[in-house]
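Visitor: This is the structure, below, for whatever I ask next.
The values are calculated or read from the model by the stated rules, or taken from the named source; none is laboratory data. In this text the structure is predicted, and so the values were computed from the model without any measurement. Here the Cβ is made from the backbone with ideal geometry for all residues, glycine too, and neighbour counts use every protein chain on show. Just so you know, the surface numbers come from the protein's heavy atoms only, side chains and all, with ligands and any DNA or RNA stripped out. Shrake-Rupley method; radii C 1.70, N 1.55, O 1.52, S 1.80 Å.
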Amino acid sequence: MNYLKYLTLILAASLITSCGNDWLDVEPSTSIQTESGVKSLKEVEFSLNGIYSTMQSADAYSGRLVYYADVTGDDMQAVSSTKRTANYYRFNFTKDNGPSSHWAYLYNIIQNCNVVLASLDRITANDAEKAYRNDLRGQALAIRGMALFDLTRIFGYPYTKDGGASMGVPIIETVSGTENKPSRSSVAECYTHIIADLKSASELLGEKFNKGKFNKWAALTLLSRVYLYKGENEEALKAAKSAISGAEKNGYALWSNKSYPTAWGADASSADQGEVLFEIVNLTTDSPGKESMGYLNSKDGYDDMCITASFYRLLKENPRDVRLKLLSFDGKQYAYVNKYQPQPGENIA
């Protein structure tokens, strides 16, 4: 009897699905569709949401790509040799044993940006939609430029070492299949493409606050950093001034010394934008959890990384340095950066 009942339900379900009820086929707002499947600007926005979702991964901009840069610099270190950050801190990785996620995630992001850009080329927008379309294109270009910038810095020498003559990474500007095996471009060629993407993005993007997404001022700030890494200081200053003046006119403002220690946990909004021009937004439902930067940086979490003694001594040279208020201590041995703060009522993971 039960068998017949279940069989009847299955047959009924199959009849319903075959009756053309398209309202059942709802695309998720964070899915990345294929190039041919995107037919409207709203679907392009859904695809962009999918790219931002990829950026939220613990193997991307909510974890590994961030702490890799932190602990290979002078200010942060692994707490012990058994921590996730230890091999980065000690420069133990080689071309044979290094994590593939840096390469895989960043090229996944670039590929999907190319899907978005190709889709936008095929979609006709009326006059009322042009600003919306330009902003979507600007976001895709800015994300693609940032991903290529990070790839170039991870897998290539600094530009200033030899004027960019050494090997960088492959430049992918079209939708490509798995059979495509592009060769590496020079660091200089990579920087040319990075700058072109970010300059184009800054001319297309909207100026208003766009929570968790690129706007004009975020793209200009990143462009300034690219110029700085390239050694073009005048261009870096020019882009930075444009970003600062434009952001201030649109409601961004520096935090006060009083609000600085806790402002990192505030929920930025169009009414209170603060000074963060671009951030990766992680809600409770999509946080990397215990692999998040907040948990890795906390003495009450995995306590993976802390500041170096030399950096702490540098901060203490000026007792009024507001950054001292952002530190939390585990006894007398370790000082942790309390930057990745949960919002009120939330846990550090």
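Visitor: For every other residue with a beta carbon closer than 11 angstrom to the beta carbon of TYR260, add +1 if it is Lys or Arg and -1 if Asp or Glu, then tell me the sum.
Guide: Once positives and negatives cancel, what remains is +2.
Visitor: Before anything else, pin down the relative contact order of the chain: Cα pairs under 8 Å, at least 6 apart, normalised by residue count, whole percent.
Guide: On the way: 499 pairs, mean separation 54.5, N = 349.
About 16 percent, as a whole number.
Visitor: What is the sum of charges, Lys and Arg at +1 and Asp and Glu at -1, for the other residues whose Cβ falls under 11 Å from the Cβ of ALA69? Can you show the working numbers first?
Guide: Working: positive: ARG64, ARG153; negative: ASP70, ASP75, ASP150.
Local net charge: -1.
Visitor: Right, something else. Given a 1.4 Å probe and the protein chains all in place, what does the accessible area of TYR89 round to, in Å² to the nearest 10?
Guide: Taking all protein chains as shown, TYR89 has close to 90 Å².
Visitor: With r as the distance between the Cβ atoms of PHE93 and ALA118 and R0 = 35 Å, compute the FRET efficiency 1/(1 + (r/R0)^6) and round to 0.05.
Guide: Taking R0 as 35 Å, the efficiency between ALA118 and PHE93 is 0.55.
Visitor: In square angstrom, rounded to the nearest 10, how much accessible surface does ASP59 have for a 1.4 Å probe?
Guide: We get 50 Å² for ASP59.
Visitor: Turning to a different aspect of this structure: Distance check, please: which entries in LYS130/LYS238; LYS290/LYS339; LYS42/LYS213; LYS299/LYS332; LYS42/LYS238; LYS211/LYS249 exceed 23 angstrom between their Cα atoms?
Guide: Working: LYS130/LYS238 28 Å; LYS290/LYS339 16 Å; LYS42/LYS213 16 Å; LYS299/LYS332 12 Å; LYS42/LYS238 34 Å; LYS211/LYS249 17 Å.
Those over the limit are LYS130/LYS238; LYS42/LYS238.
Visitor: To continue, here is another question. How would VAL66, VAL115 line up by accessible area, probe 1.4 Å, largest first?
Guide: Values: VAL66 35, VAL115 15 Å².
The most accessible residue leads, giving VAL66, VAL115.
Visitor: Ok, one more. Leaving out ligands and nucleic acids, note down the accessible area per residue over the chain with a 1.4 angstrom probe, in whole Å².
Guide: Working: 19530 Å² over 349 residues.
Averaged over the residues of the chain, the accessible area is 56 Å².
Visitor: Nearest 10 degrees is fine. How inclined is helix 216-230 to the longest principal axis of the chain, computing both from alpha carbons?
Guide: Between helix and principal axis, roughly 50 degrees.
Visitor: Using Cα-Cα distances under 8 Å and only pairs 6 or more residues apart, what relative contact order does region 218-299 have, in percent?
Guide: Numbers: 44 pairs, mean separation 17.7, N = 82.
For region 218-299, the relative contact order is 22 percent.
Visitor: Of (i) 76, 54, 49; (ii) 62, 48, 39; (iii) 61, 55, 35, which one was derived for Cα extents along the principal axes in Å from the structure shown?
Guide: (i)
Visitor: Go through region 190-200 residue by residue and turn each phi into a ³J(HN,Hα) via Karplus (6.51, -1.76, 1.60, θ = phi - 60°); whole Hz please, and just put x for glycine and proline.
Guide: Values, residue by residue: 4, 5, 4, 6, 4, 5, 4, 5, 6, 5, 5 Hz.
Visitor: Can you tell me how region 32-96 classifies by the Cα gyration tensor, rounded, prolate or oblate, using a/c under 1.5 as the rounded cut? Write out the running numbers ahead of the final one.
Guide: Numbers: a/c = 4.33, a/b = 3.09, b/c = 1.40.
Prolate.
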